[in-house]
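*Asks:* So that we are looking at the same thing, I have put the structure below in structure tokens.
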Amino acid sequence: VDLSPRPFVATGTRCSSSGGVSAIDLFLTFLVDYRGQEFADSVSESMNYVTMQQVQQVASAEASTRTRIKNGPTVAALEIMEANLEFPVTPPQIAAEVGVSTRQLERLFGKHLGQSPKRHYMHLRLRRAYFLLTQTKMPVIEVAIACGFQSPGHFSKCFRNEFALTPTELLKSHRV
């Protein structure tokens, strides 16, 4: 037996996966091989399923956003945001900590990220919530608190605006 760090392995007539989610990823890989990427994507979409690779791409995209930016105050602000998802700090606090005015921080985010610091921070918090909802067994209220939301209703509204479904709808589709 050769152990593999990959979530699934398919060679010849044998395949193995490390769990239920990995089995779905394996199945979708078979669909890509036999029916093409477009068909596999439509099956995945009909199941309202996001592959682990997609989740990892989102996580690495967030990190790569920070590494692509060469502006020191912007990078420092992003690091502060990423380190404070559970207890968010305000843009004025972030600006003060990185040594720029709030208005300058807004200009920098507009230039480098195409959105306001507040909007980007919300995006980071909601991406973290999506990850926690799909990859842990945490209840919605705990995820909301872990991502800095005081009210489950506000969390649900923001989540729906970002992902076009509520946290509860996402859980139902993932835990069927």
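The values are calculated or read from the model by the stated rules, or taken from the named source; none is laboratory data. Quantities reported herein were computed from a predicted structural model and do not represent experimental measurements. Neighbour counts run over all protein chains shown; Cβ positions are idealised from the backbone, glycine included. For accessibility, only protein heavy atoms count, side chains too; no ligands or nucleic acids. Shrake-Rupley method; radii C 1.70, N 1.55, O 1.52, S 1.80 Å.
*Asks:* For the chain, what number of Lys pairs, 8 or more residues apart or on separate chains, have alpha-carbon atoms under 20 Å from each other?
*Replies:* Details: LYS70/LYS111; LYS118/LYS157; LYS137/LYS172; LYS157/LYS172.
Lysine pairs satisfying the spacing and distance rule in the chain number 4.
*Asks:* With the Cα gyration tensor of the stretch 99-147 giving a ≥ b ≥ c as the square roots of its eigenvalues, does the rule (a/c under 1.5 for rounded; else a/b larger than b/c for prolate; else oblate) give rounded, prolate or oblate?
*Replies:* prolate
*Asks:* Summing +1 for each Lys or Arg and -1 for each Asp or Glu, what net charge is found among the other residues whose Cβ lies under 13 Å from the Cβ of HIS154? Kindly include the intermediate steps, with their values, before the conclusion.
*Replies:* Values: positive: ARG125, LYS157, ARG160; negative: GLU162.
Charge balance in the 13 Å sphere: +2.
*Asks:* Pairing the Cα long axis of helix 102-113 with the longest principal axis of the chain, what angle in degrees results, from 0 to 90 and rounded to the nearest 10?
*Replies:* 30 degrees
*Asks:* How much area per residue is accessible in the chain when the probe is 1.4 Å and only protein heavy atoms are counted (Å²)? If you can, show how the numbers build up before the last one.
*Replies:* Values: 10710 Å² over 176 residues.
Result: 61 Å² of accessible area for each residue.
*Asks:* Of all the accessible heavy-atom surface of the chain, with the other protein chains kept in place and a 1.4 Å probe, what percent is carbon and sulfur? Intermediate results must be reported in sequence, preceding the final value.
*Replies:* Numbers: 5880 of 10710 Å².
Answer for the chain: carbon and sulfur cover 55 percent of the accessible area.
*Asks:* Among rounded, prolate and oblate, which fits the stretch 71-117 when a ≥ b ≥ c are the square roots of the eigenvalues of its C-alpha gyration tensor, a/c under 1.5 means rounded, and a/b larger than b/c means prolate? Could you put the intermediate results ahead of the total?
*Replies:* Working: a/c = 1.61, a/b = 1.38, b/c = 1.17.
Prolate shape, in that a/c is at least 1.5 and a/b is the bigger ratio.
*Asks:* I would also like to ask the following. I need the Kirkwood Rh of the stretch 132-176: take the reciprocal of the average 1/r across all distinct C-alpha pairs and report it in angstrom. Please list the in-between numbers first.
*Replies:* Working: mean 1/r = 0.0958 Å⁻¹.
So the Kirkwood estimate lands at 10.4 Å.
*Asks:* Given that just one value was derived from the coordinates, which of (1) 49; (2) 37; (3) 57 is percent of Cα pairs over 24 Å apart?
*Replies:* Comparing each candidate, only (1) matches the computed number.
*Asks:* What full-extension length gain, to one decimal in nm, is calculated for ILE145 and ARG107 as 0.36 nm per residue of separation minus the Cα-Cα distance? Don't skip to the answer; put the middle values down first.
*Replies:* Values: separation 38, 0.36 × 38 = 13.68 nm, distance 2.97 nm.
So the extension gain works out to 10.7 nm.
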